[in-house]
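First up is the structure itself, then whatever we jot down about it.
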Amino acid sequence: MACDCIEVLDRALGPKGRAVDARQIYDLDTGTPLGYVIPIKTTVVHRKRGRHAYDMLPVYCPLCGVRYAQEVATP
Ligand SMILES: [Zn+2]
């Protein structure tokens, strides 16, 4: 990936039995793994039947601002 924030955080959190909730992303055309990103989590504010929270995959690292792989931004 473009930065090593996830690895740095995992090394720091590891001794405490924690890890970053990262998601692996793939090239949709080839199925090749591109790396991991830190998802932006959402929550349902007004609870209503059928509404679910979802995660968004950022184009830029939310910790350091470095752009992730170009393939992440293009559908
Ligand atoms: Zn980063």
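It is to be established whether one or more residues within region 18-27 are within 11 Å of the ligand (Cβ to nearest atom) and in a strand (DSSP E or B). Scanning region 18-27 turns up no residue that is within 11 Å of the ligand (Cβ to nearest atom) and in a strand (DSSP E or B). Of all the numbered requirements in (1) outside any loop (DSSP other than H, G, I, E, B); (2) modelled with pLDDT under 90; (3) surrounded by fewer than 12 Cβ atoms within 10 Å (Cβ to Cβ), residue 35 misses one, and that requirement is (3).
Screening 65, 50 for residues that are within 13 Å of the ligand (Cβ to nearest atom), assigned to a loop (DSSP other than H, G, I, E, B) and surrounded by fewer than 11 Cβ atoms within 10 Å (Cβ to Cβ) leaves exactly one candidate, 65.
The values are calculated or read from the model by the stated rules, or taken from the named source; none is laboratory data. What you see is a predicted model, and the numbers here were worked out from it, not measured in a lab. All Cβ positions, even for glycine, are placed from backbone atoms using ideal geometry, and neighbour counts span all protein chains on display.
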